[in-house]
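Read the structure below first, then the notes.
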Amino acid sequence: MYEKELHDVLIGEGADLAGFCCLKDVKNAPFPYAVSVAYKLSDSVLKTIDGAPSKMYFQHYRTVNTKLDLIALRAVKFIEKKGFQAFPVAASQSVAGRFYGYFPHKTAAVLSGLGYIGRNCLLITPEYGSKVRLATVLTDMPLSPLSPLKEFDCGGCLACVAACPAGAISGKTPSLSGTREDFFDAEKCSDFMKTFKDVGRGAVCGLCIKACPKNKL
Ligand code: SF4
Ligand code: SF4
């Protein structure tokens, strides 16, 4: 009953996409429902990634994470005022083992119908391809998806596999029922990014986003 109102609040706060899902089929989910929020990265900034990570993308990535965290806080405020619990999962964090946040953003986003997981291990949305970042709010407020689940739609494309200098993307088809390690090596990705210390601490790469034809850059 709160979906439309909360969706409008989140879009009003600057989210590009917002959705909701039930987590009853997700093993060990700490709350029964989730809000998923996506913020689109700047096309102009992504174009500065030219064969190597860029300082402009590094700064933009951090700013977008902060914006997402603020949008998530607005969702928390809305939900708590209605008498429910709300737990924000930060846009970027490793708190549940290396490279794992408290709850996987992409699981919430896929179940909310925002997109599917591409071979590059990123959410691919119909509207913006993989040029989005995500935040999640876990809650006991009953919320239903506003959009149907999206089918895997990478087809035979392997552009991100070819573009990744770290060899982190296997090319296998991702599945929510499997693990990330089945198709993506986060350690290789992280190790590669650490070689760009001049770009920034904990640098981000983005070559696989730049290469994805779904982004229409
Ligand atoms: S961010 Fe860079 S290193 Fe990591 S998977 Fe994408 S292309 Fe490979
Ligand atoms: S580059 Fe191709 S295979 Fe990789 S995520 Fe984008 S569409 Fe899928």
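The values are calculated or read from the model by the stated rules, or taken from the named source; none is laboratory data. Not measured: the values here are computed from a predicted model. As a convention, Cβ positions derive from the backbone with ideal geometry for all residues, glycine included, and neighbour counts pool all protein chains shown.
Applying the condition of being part of a loop (DSSP other than H, G, I, E, B) and of a type in the set (G, A, S) to region 176-190 and asking which residue is farthest from ligand 1 (Cβ to nearest atom) yields S177. Among the conditions (1) crowded, with 21+ Cβ neighbours inside 10 Å; (2) more than 17 Å from the chain's Cα centre (by Cα); (3) among the basic types (K, R), K24 misses just one, which is (1). For the condition surrounded by fewer than 17 Cβ atoms within 10 Å (Cβ to Cβ), part of a loop (DSSP other than H, G, I, E, B), within 13 Å of ligand 1 (Cβ to nearest atom) and over 18 Å from the mean Cα position of the chain (by Cα), P142 does not qualify. Of note, S147 satisfies the criterion of being among the polar types (S, T, N, Q), touching a residue at least 12 places away in the same chain (Cβ under 8 Å) and away from ligand 1 (no atom under 15 Å from the Cβ). Among the candidates A108, A163, A186, A135, which residue alone is in contact (Cβ under 8 Å) with a residue 40 or more places away in the chain and more than 25 Å from V37 (Cβ to Cβ)? Of the residues listed, the single one that is in contact (Cβ under 8 Å) with a residue 40 or more places away in the chain and more than 25 Å from V37 (Cβ to Cβ) is A163.
Can you work out which of the residues in region 151-175 that are more than 11 Å from ligand 1 (Cβ to nearest atom) and loosely packed, with under 12 Cβ neighbours inside 10 Å is farthest from G115 (Cα to Cα)?
The qualifying residue farthest from G115 (Cα to Cα) is G156.
Among the residues of region 6-21, not one is among the acidic types (D, E), assigned to a helix (DSSP H, G or I) and under 17 Å from the mean Cα position of the chain (by Cα). Among the residues of region 76-91, the ones that are in contact with a Leu (Cβ under 9 Å, 6 or more places away or on another chain) and free of Cβ contacts under 8 Å to residues at least 40 places away in the same chain come to 0 in all. In the set D140, D185, only one residue is more than 14 Å from ligand 2 (Cβ to nearest atom) and modelled with pLDDT of 95 or more; that residue is D140.
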